[in-house]
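The block underneath contains the structure these notes are about, expressed in structure tokens.
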Amino acid sequence: MKIIIERTKEEKELDFKGTIEELLQKLKINKEEVIVARNGALVTLDTELSSEDEIKILSVISGG
Amino acid sequence: MNCDKCKENAIYQDPNLCKKHFIEYFEQKTINTIKKFGMIKNKQEKICVAASGGKDSVALLFVLHKKGFNVEALAIDEGIKGYRDRSLEFLQEFCKKHKINLKIKSYKKEIGKTIDQLSKKYSPACNVCGTFRRYLLDQHSKEYKKIATGHNLDDEAQAVMMNILKAQTSLFARQGPMTKDIDGFTQKIKPFYFIKEKEIMTYAFLLGLNIDFEECPYAPLSFRSYVRDWINKEEKENQGTKLNIVTHYLKLREDMQDNIQKIETKENKFSKVVKDALQPIKKCHECGSPCSGLICKACKLKEEINA
């Protein structure tokens, strides 16, 4: 699974099974501070992920 | 997870909504806030939108324009290389596409120095930056009756907590969804007052508002950033924390205003603090901006910088 963390401009391959919420917990990202797109479309935290997915984690924090 | 209103997949959680219903919910929530506080009287009224090119102000411009309000945009270029220049480039393209008038005023031209230059002397730069930003917005929005900002529920909850933690009672009384209608001042309105930053980001993403979503490079050093992280941790564990902070603040403010006459009869330290907080806004003797003393903070800072 490809993970893109937009705020830190990180890109990584991850072997992961579970939901978006579990993925965020694993990555130590607060679910309040991001929205998540799977293969370009927004999804909710309970969405189950597959190994083929591309996950983009977008920070909701901007400005000053 | 399905949408609460139809059988489509939800794209947002709490409330659980699909794309179509989330957009409807978001726009209606904005309109409801405008109506609840009487922010805009009618659609002919010309509204200046303080725009930075970030998601909050662009989403606000987009919603108001889409709903038929008469909007123009005013942007401030603080001079933050690699950040503000990029967001303003996006804003210029956005306004051109939607035929919205845009004015851009820069620190370099109006103050004499950019924030990149000022940050060498003032760290964190956020206090100085905020002071000059408010000053330039005041100075260049005088032809309008109202100026709308993209302040959201997160910003407002942070501001309440910051003012409590710093015991800034005078600011505490002057927050809120809109300022009073006082002759000679442009009234400030916040149509996103009850909307979460996460909801604005979702709306911007769904509408393909391809915004530069980055955070200001100076922001991580600010006190606000510390308070923001703390509130977000609370919100994660206890959904509704941000709304609770803001609604509790609104109730407190109402009580302060209701009780001012009773307080006036009692002379003690607390009553003095409350009375000071509710003092009418004065005009700066130098520039005419809203001010609590004789000279505003921006004019004092300008003198310090140019000394």
Every residue from region B:179-215 that is at the interface with chain A (Cβ under 10 Å from one of its Cβ atoms) and either in contact with a Ser or Thr (Cβ under 7 Å, 6 or more places away or on another chain) or at pLDDT below 80 (or both): B:I211, B:D212, B:F213, B:E214, B:E215
Any hit, region A:12-34, residues being within 14 Å of chain B (Cβ to nearest Cβ), touching a Lys or Arg at 6+ places or on another chain (Cβ under 9 Å) and basic (K, R): yes
Failed item in (1) within 14 Å of chain A (Cβ to nearest Cβ); (2) buried (at least 20 other Cβ atoms within 10 Å of the Cβ); (3) out of contact with any Lys or Arg (no Cβ under 6 Å at 6 or more places or on another chain), with B:A73 passing the rest: (1)
Residues satisfying the stated conditions in region B:179-207, i.e. assigned to a loop (DSSP other than H, G, I, E, B) and of a type in the set (A, V, I, L, M, F, W, C): B:I182, B:F185, B:F192, B:F194, B:I195, B:L207
Considering residues of region B:10-31 that are within 23 Å of the chain's Cα centre (by Cα) and touching a residue at least 24 places away in the same chain (Cβ under 8 Å) only, the residue farthest from A:D46 (Cα to Cα): B:I31
Region B:125-150 residues that are away from every other protein chain (no Cβ under 14 Å) and more than 18 Å from B:M178 (Cβ to Cβ), paired with ones that are at pLDDT 90 or above and in a strand (DSSP E or B) (beta carbon under 7 Å, 6 or more apart): B:L136/B:I76; B:L136/B:K105; B:H140/B:L74; B:H140/B:K103; B:H140/B:K105
Counted residues, region B:116-135 - those being closer than 11 Å to B:I80 by Cβ and in contact with a helix residue (DSSP H, G or I) (Cβ under 6 Å, 6 or more places away or on another chain): 3
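The values are calculated or read from the model by the stated rules, or taken from the named source; none is laboratory data. Computed from a predicted structure; not experimentally measured. So basically every Cβ, Gly included, is an ideal-geometry build from the backbone, and we count neighbours across all protein chains shown.
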